[in-house]
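Read the structure below first, then the notes.
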Amino acid sequence: MFKKILIANRGEIACRVIATAQRMGIATVAVYSDADAGARFVQMADEAVRLGPPPSRESYLLGDKIIEAAKATGAQAIHPGYGFLSENEAFARKVEEQGLVFIGPKHHSIAAMGDKIASKKLADEAKVNTIPGYNDPIDTPEQAVEIAQGIGYPVMIKASAGGGGKGLRVAFNDKEAHEGFSACRNEARNSFGDDRVFIEKFVEQPRHIEIQVLGDAHGNVVYLNERECSIQRRHQKVIEEAPSPFISEATRKAMGEQAVQLAKAVQYQSAGTVEFVVGKDQDFYFLEMNTRLQVEHPVTELITGLDLVEQMILSAYGEPLAFKQDDLKINGWAIESRLYAEDPYRKFL
């Protein structure tokens with residue numbers, strides 16, 4: 001097993017990873033910005049390395065400096081937590097190239113699932129249900145209207161590189177499709193530096209349900225049931241619940257099996273989440289795959305009794321999964337709520 005790992009993150013998730021590592025007898029290294037010098041995660045770790053000033057671009061996003069800190073302290077592996085560099089394919093690749101282990105999926109899996117257009121095509125090839133739509137980049141508002149008419153309203157206009165609700169519009173008619181395309185493209189360009197936009201059918205009365213998967217380096221993949229994240233504000237999750245009170249056992253099994261198919265198609269190892277939109281009749285369609293630990297992972301841990309951070313570390317070390325799909329049961333119920341700070345004097349931003 002690893003003797004020492006570095007946590008390339010801060011705050012709650014850094015504390016979370018450190019706690020599991022300590023329970024496993026693994027020494028930990030924290031990295032921190034000047035703003036976090038006295039933070040709890042820095043105090044919890046066995047060692048700590050300063051990265052730089054408070055802005056993340058001068059600290060937590062400095063991949064080369066993080067790798068240097070790992071090498072200088074003798075850490076054998078890096079856990080990225082969530083956010084920051086956790087889904088950065090180039091960082092994951094460079095960690096491996098420098099002789100360290102990235103505690104997460106391989107860089108090729110991150111790259112395959114990091115682009116919404118490419119990932120949807122891959123899901124189609126893996127026989128995973130996908131929303132009817134036009135999956136190639138669209139060039140003009142007029143083309144967007146023509147495609148929307150062919151799919152049938154309502155439709156969703158989405159940025160290929162989008163996330164967190166940015167670069168997304170719903171159109172119920174030609175006028176909204178024309179205007180929504182231009183607005184979505186501009187927002188995508190400004191937010192992500194990538195203005196590619198595609199269109200897909202809008203599922204009415206949708207539920208946002210995601211399947212937690214775990215894979216190892218030996219080709220084994222299981223699903224750890226679902227989390228329902230339908231209660232949202234501005235496309236940001238507010239309540240996460242496991243299991244879902246909506247889907248049937250048959251739907252759960254079908255979604256889980258498709259999530260496993262997709263994970264195997266990209267040779268996925270580590271913890272990951274396959275997100276689906278589920279309609280009122282429990283028809284479900286692939287949305288995207290998050291190639292990292294989710295903020296809401298504790299609700300899955302509570303109903304399965306598994307420590308997902310421990311499973312990530314074991315997988316990264318090369319250990320095979322110690323259980324099979326039939327061994328995984330649902331025990332009880334768990335709910336997580338996120339708190340959002342909004343300013344009423346700035347239109348609740």
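The values are calculated or read from the model by the stated rules, or taken from the named source; none is laboratory data. Being a predicted model, the structure only gives us computed values, none of them experimental. Virtual Cβ from ideal backbone geometry, glycine too; neighbours counted across all protein chains shown. When the accessible area is computed, the model is the full protein with side chains, heavy atoms only, and any ligands, DNA or RNA have been set aside. Shrake-Rupley method; radii C 1.70, N 1.55, O 1.52, S 1.80 Å.
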Take the residues of region 70-90 that are in contact with a strand residue (DSSP E or B) (Cβ under 9 Å, 6 or more places away or on another chain), open to solvent by 60 Å² or more (accessible area, probe 1.4 Å) and not hydrophobic (A, V, I, L, M, F, W, C): which is farthest from Gln22 (Cα to Cα)?
Glu87
Pairs where the first residue, in region 209-233, is within 30 Å of Ala341 (Cα to Cα) and open to solvent by 10 Å² or more (accessible area, probe 1.4 Å) and the second is β-branched (Val, Ile, Thr) and in a loop (DSSP other than H, G, I, E, B), C-beta under 7 Å, 6+ apart:
Ile231/Val238; Gln232/Val238
Out of region 136-168, which residues are over 21 Å from the mean Cα position of the chain (by Cα), under 20 Å from Glu204 (Cα atoms) and open to solvent by 30 Å² or more (accessible area, probe 1.4 Å)?
Gln149, Gly150, Ile151, Tyr153
Region 10-23, residues that are out of contact with any Leu (no Cβ under 9 Å at 6 or more places or on another chain) and either over 17 Å from Gly81 (Cα atoms) or not β-branched (Val, Ile, Thr) (or both)
Arg10, Gly11, Glu12, Ala14, Cys15, Ala19, Ala21, Gln22, Arg23
Which of the residues spanning region 50-69 are open to solvent by 40 Å² or more (accessible area, probe 1.4 Å) and either over 21 Å from Ala19 (Cα atoms) or β-branched (Val, Ile, Thr) (or both)?
Pro53, Pro54, Pro55, Ser56, Arg57, Glu58, Leu61, Leu62, Asp64, Lys65, Glu68
Consider Val213 against the criteria (1) in contact with a Phe, Trp or Tyr (Cβ under 6 Å, 6 or more places away or on another chain); (2) within 26 Å of Ile151 (Cβ to Cβ): it satisfies all of them except one. Which criterion is unmet?
(2)
Given the residues Ala183, Ala177, which is the only one that is on the phi < 0 side of the Ramachandran plot and open to solvent by less than 30 Å² (accessible area, probe 1.4 Å)?
Ala177
Here is a check on your reading of the model: is Phe172 more than 17 Å from the chain's Cα centre (by Cα), under 30 Å from Leu349 (Cβ atoms) and open to solvent by 40 Å² or more (accessible area, probe 1.4 Å)?
yes
Selection from region 16-38 of residues closer than 29 Å to Gly305 by Cα and open to solvent by 20 Å² or more (accessible area, probe 1.4 Å) yields Arg16, Ala19, Gln22, Arg23, Met24, Gly25, Ala27
